[in-house]
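Inspection log for the structure reproduced underneath, given as structure tokens.
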Amino acid sequence: MGTFHCKVLFTLLSAATLLAQPHYPVDWKTVAPEAVARFTELLRIDTSNPPGNETKAATWLKQVLEKEGIPSKLFALEPDRANLVARLKGNGSKRPLLVMGHTDVVGVQKEKWSFDPFTPTRKDGFIYARGAVDDKDNATAGLMLMILLKRMNVKLDRDVIFLAEAGEESTTRVGIDFLVDQHWSEIEAEYALAEGGATIARNGNVRYVGISATEKIPRPVRLVARGHAGHGSRPNPDKAVLCLVSAWADVRPWHAPMRLNDITRAYFERLATISTPEEAQRYNHINDPAAAPAIEKYFAQHEPGHSAILRTTVVPTILKAGFRTNVIPSEAEATLDVRALPDENLDRFYSELRHVIGDEKVEVVPSKNRGRPVSRPSRLDTAMFRALEQAQRRLFPGAITLPSMTSGATDMAQLRAQGVDAYGFGPIVDERDGHGAHSDEERIAETSIPKLVEFLWYTVLEVAATR
Ligand SMILES: [Zn+2]
């Protein structure tokens, strides 16, 4: 009985909160084609990084916003690499909300594409172009949000700031680092929404709305093996190349231990509720020492994405050694892409790596670059996260909201390090679609763009509109 009453009360309360959201009737039938048109215009601007040339995208966004009566500013550390910031003022009763999308994209190997990557091409319900899901989708959603808030004259409790940032793809010094270091007051916010999440569909039905609340931290290391140079015709005992190969042979079977944090624990718990009994059995027993080895093995073979979020991972990505066939090189080097769990003790991790290699001729050299900062995960008990969950229930009632940790890195790391609760959201993609971020023939379902705008709209109304 008690449960029943609680349930009724809960339903009534949810209905009441839904009703309480101020109503601004957007005509989604006309907004949808407008959103797609602006998206394709943005895709047409080649902002491959390097070199970036994000100023082209920033000035385009600026003139679109200007036509709508929304003022914006450009901030550039280098003239060709501008960031755009636009702000709609609220009444100041709550702290600002920052909505971001990065304008730069990774480069392309044109020969691997059947279309020109910067001529958005529609085919079978998809739009193909570089940046389609990383990250001109989020940038477009942010732009459309500002346009709609302004057109509908939405009364806001907090400022809504739109940031289209440069340099997200490995050159954050001109983008988020520059803004945080030199223009923090322009983007300072209580909450932020950005890329990094995904709305995952299976056979056309949305299963879950993934909202990223933390991310792994790239901390590349170099393995440097040293030996004696010599003539290739006279093999000597200490050959740098072979030392390096044998060091990697030692590292390869080694894995950092698997463990959960608050976000991945919530992720697996919730994922279990929409999974088959066998899947749920695995998701619910990751911490069970008796079951863990088999689960670990299964994930490694069948669910590598899950393997990646359960531990600090190590992958060799660049090898350098030698320059002539008949010269034994004195040095050989491998770059390892280390992706650390947010709470990893890196000094201990490096010393374990040295111990596993166990060869003083092979040095483990952590990168001296600044890298993304370490930060605490964003909280799940905030008004912002509840607003995201509510938008999910409104738009995808059969699905669930799944808090997640991304294995990749985003500009939210810098914001979280400043104390901002930042959440990644993303468009609807099929769980089996192989044309995602950074892939050849990157694509997005055309209908995903208006839905992304709608999702952002209802989320922001909930957390920022005056009641
Ligand atoms: Zn991105």
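The values are calculated or read from the model by the stated rules, or taken from the named source; none is laboratory data. Because the structure is a prediction, the values reported are computed rather than measured. FYI the Cβ positions are ideal-geometry reconstructions off the backbone, even for glycines, and counts take in every protein chain you see.
Filter segment 56-71 down to residues that are of a type outside the set (K, R) and free of Cβ contacts under 8 Å to residues at least 60 places away in the same chain, then give me how many there are.
Residues that pass the stated criteria total 5.
Could you tell me which numbered condition G131 fails, if it satisfies all but one of (1) of a type outside the set (A, V, I, L, M); (2) touching a Pro at 6+ places or on another chain (Cβ under 8 Å); (3) surrounded by 24 or more Cβ atoms within 10 Å (Cβ to Cβ)?
(2)
Quick one: in segment 435-447, of everything that is surrounded by fewer than 22 Cβ atoms within 10 Å (Cβ to Cβ) and in contact with an Asp or Glu (Cβ under 9 Å, 6 or more places away or on another chain), which residue is nearest to E195 (Cα to Cα)?
Initially, segment 435-447 is screened for residues surrounded by fewer than 22 Cβ atoms within 10 Å (Cβ to Cβ), giving 435-441, 445-447.
With in contact with an Asp or Glu (Cβ under 9 Å, 6 or more places away or on another chain) added as a condition, the list becomes 435-438, 445.
On the way: H435: 17, G436: 13, A437: 11, H438: 14, A445: 17 Å.
The residue in question is A437.
Can you report the number of residues in segment 400-418 which are in a loop (DSSP other than H, G, I, E, B), in contact with a Lys or Arg (Cβ under 9 Å, 6 or more places away or on another chain) and not β-branched (V, I, T)?
Qualifying residue count, segment 400-418: 4.
Of all residues in segment 220-253, count the ones that are hydrophobic (A, V, I, L, M, F, W, C), under 36 Å from the mean Cα position of the chain (by Cα) and outside any helix (DSSP H, G or I).
Of the residues in segment 220-253, 4 are hydrophobic (A, V, I, L, M, F, W, C), under 36 Å from the mean Cα position of the chain (by Cα) and outside any helix (DSSP H, G or I).
Quick test for you: out of R252, R265, pick the one residue that is within 23 Å of G408 (Cβ to Cβ), among the basic types (K, R), exposed (fewer than 15 other Cβ atoms within 10 Å of the Cβ) and modelled with pLDDT of 95 or more.
R265
Considering (1) over 25 Å from V174 (Cα atoms); (2) within 16 Å of the ligand (Cβ to nearest atom), say which one S439 fails and leave the rest.
The number of the failed condition is (1).
Just need a number here: residues in segment 111-168 that are of a type outside the set (G, A, S), assigned to a loop (DSSP other than H, G, I, E, B) and more than 16 Å from the ligand (Cβ to nearest atom).
So the first thing to find is which residues in segment 111-168 are of a type outside the set (G, A, S), and the list is 111-113, 115-124, 126-128, 130, 133-138, 140, 143-163, 165, 168.
Restricting the remaining residues to those that are assigned to a loop (DSSP other than H, G, I, E, B) gives 113, 115-120, 124, 130, 133-135, 152-155, 157-159, 168.
Now restrict to residues that are more than 16 Å from the ligand (Cβ to nearest atom): 113, 115-116, 118-120, 124, 152-155, 157-159.
Looking only at that region, the number is 14.
Return the residue satisfying two criteria in turn: it lies in segment 89-110 and is in a loop (DSSP other than H, G, I, E, B) and within 16 Å of V174 (Cβ to Cβ), and of such residues it is farthest from the ligand (Cβ to nearest atom). Give the derivation first.
Initial filter on segment 89-110 (in a loop (DSSP other than H, G, I, E, B)): 89-96, 103-104, 107-109.
Narrowing the set further to residues that are within 16 Å of V174 (Cβ to Cβ) leaves 103-104.
Numbers: T103: 10, D104: 9 Å.
Residue satisfying both the conditions and the ranking: T103.
Which of the residues that make up segment 367-405 are within 16 Å of the ligand (Cβ to nearest atom), closer than 23 Å to I161 by Cβ and modelled with pLDDT of 95 or more?
none
Just give me the residues in segment 48-88 being in a loop (DSSP other than H, G, I, E, B) and touching a strand residue (DSSP E or B) at 6+ places or on another chain (Cβ under 8 Å), in sequence order.
Within segment 48-88, I70, P71, A76, A82 meet the criteria.
So, in segment 254-300, exactly how many residues are among the charged types (D, E, K, R) and in a loop (DSSP other than H, G, I, E, B)?
Here the count works out to 2.
Of the residues that make up segment 106-118, is at least one closer than 20 Å to Q63 by Cβ, of a type in the set (V, I, T) and crowded, with 17+ Cβ neighbours inside 10 Å?
no
Filter segment 192-219 for residues that are under 12 Å from the mean Cα position of the chain (by Cα) and within 30 Å of L353 (Cβ to Cβ); which is nearest to the ligand (Cβ to nearest atom)?
G196
Specify the residue that is nearest to the ligand (Cβ to nearest atom); the eligible residues are those in segment 169-189 that are within 13 Å of L98 (Cα to Cα) and assigned to a loop (DSSP other than H, G, I, E, B).
Top of the filtered list is A189.
From the set of residues in segment 419-467 that are of a type in the set (V, I, T) and assigned to a strand (DSSP E or B), which is farthest from G142 (Cα to Cα)?
Only one residue fits best here, namely V429.
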